[in-house]
Structure formats: structure tokens, C-alpha cells
Amino acid sequence: MNAGFGSWLLDMSLGASALGGMLGMASSIFIVLAATTFGSALLYSISGFGFAVLAAPLFLLFLDPARAIQLIIIISTVLSIVVLRGLLPAIAPWLLLRLALGSLVGLPLGLIAFRYADPILVRAAAGTIIFGFAILMAVSRHRSGQPGQGKHWTAFAMSPGLDLAAGAVSGFAGALVGQPGPPVLIYLLLAGAAARTVRATLLAFFALSYGVTLASHAATIGIPTPTWLAAAILIPFAFLGGLAGRPIGDRLGAEAFAVLAIALLAVAGAYTLGAAAAAFATA
């Protein structure tokens, strides 16, 4: 990786005004972004959830929040559509419809918050979502034995009203921090939905939600051409990660990966919250 190419990517991602004094870091930042994209897609392929949840912490540490979130939305849209293939028969259509309608309610509020929110608050929101997701998964796993199976314990029964509410929270989170998945996944896990239904419905919802969020960003806020180009460069790393994750997922037991995923999410969420707190203290 030469410094010139790294500088070019950094210029695209951060903007020329943010480049001064950082040319020496360009190659290392590109490597971090590419590795983060690859690793997040790999874990997403193994587990079936959370490209944005896993990628957001490091993207937010190295990039301007607006550019980081838009990059995550673009990459996640493409990845979700690709992974959805083969799971269409398992989708619960009415559940998907209610989640999507709720998401349309929360999306405009998220876009308003994205336009006017303080970058530090955006980082704090991302960290809170990730860390809360890890805690609730750990609680669900402890009480029900298997994450998402709901064999011994569920927090509540699913209902059309709760479906809409979960979708609304997801739409808000998707527009604000590029992470529509955790609210819906937490809802389905705590409600004890069947694992295959959870996976198929989530992936279909991700494809719809990210697609609508991407179109909304492009139409209302605007996505700079350099951000599209940076996404085009990083998407192949996402594809490679997805392909590499398939054989690993076949060998890694569900129990081992559950512990690994919860630990990674907890560390990532805590680190992002810590970075936001440090930025707030020095602001």
C-alpha cells in the first residue's frame, strides 16, 4: 500500500480540509478501514447480524461522523441484499410489513437528528446502542439458554403495536447512526421468535431499511461523490469477509461464537462511549 493511494482515500473520506498534517497516517488509516470492513463482514457472515454494529466504532473513531455513517449505510445496503438470497421463503411477511411501516415513522426523526446533532452525541448514541445490545443479548442468553431460541424465557409476547414500535426505533437509529438492526434484533430475541424467522426477516428488513435510509440521505442531506467512491473501494473487502466467514461459521460452535460476539460488542460499545466521554471532557 503506497502513501499516495492512502492519502487519496483519506482525502475522499475525510475531506480535503481535514487532511492537513495527517498525510503520514493515510496508509495506516486506509488499512484500518479496510480491515474493519473485512472483519465486520466476516463476523456478519458467521453470525447473521451486525455489520454496522461491529464496523461503527472504528469508523467513528477515524472518520467524521457524517461520512462514517454514510459509508456504513452504503456498504450495509449492498451486503444485506447479497446475503438475503436463499432465505426469502422463511420471511414472515406481515411482521416485515409492520417493521417497515414503523421504520418509515422513525426515519424522518432520525434524519433531523442526524442533520443537527452534535458529533459527540452521535458517538455516544452509537456506543449506547452497541453496549445495550450486548447486555440484552447476554441477559437473554443467560435466561433462555440459547440466544434467539426462547426455549425457557421470553420478556413479552409479540404484537402488532410492538412490531411498529420496534420498527420506529430502528428507523430512527438507522438514520442517526447507521444501525437499524439492534432495536429489531433485540425485540425479536426477547420475544422468543424462531431463529430462522428472525434471521430471514431481519435480513429482509435490513435490505429495505438500509435502502430507504440510503435514498433518504441522498435526497435530503446529500452524499458527496468522494463518499460513494470510498464505499466502492471498501465494498470488495466486505465481499471477501463474507466469503471467508462461511467456512469459519461451519467450524465454530454456536456457544463459542455467542460468547465471542457478546464480548466484542461489549468492548466496542464501551470503547465508543469512552471516546465520546473523552471528547466531551476536552471540548
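Largest first, what is the accessible-area ranking of R123, R85 with a 1.4 Å probe?
Correct descending sequence by accessible area is R85, R123.
Leaving ligands and nucleic acids out of the surface, order M158, M137 by accessible area at 1.4 Å, largest first.
Highest to lowest solvent-accessible surface, that is M158, M137.
For T225, tell me the accessible area in Å² from a 1.4 Å probe, rounded to the nearest 10.
Rounded to the nearest 10, the figure is 90 Å².
Can you compute the modelled spin-label distance between I221 and F239, with each label point 7 Å from Cα toward Cβ, in nm?
2.7
Assuming R0 = 35 Å, what is the FRET efficiency of A194 and L61, from their Cβ-Cβ distance, to the nearest 0.05?
My answer for the efficiency is 0.45.
The values are calculated or read from the model by the stated rules, or taken from the named source; none is laboratory data. What you see is a predicted model; the values in this text were computed from it and never measured. Note that each Cβ is placed from the backbone with ideal geometry, even for glycine, and that neighbours are counted across all protein chains shown. When the accessible area is computed, the model is the full protein with side chains, heavy atoms only, and any ligands, DNA or RNA have been set aside. Shrake-Rupley method; radii C 1.70, N 1.55, O 1.52, S 1.80 Å.
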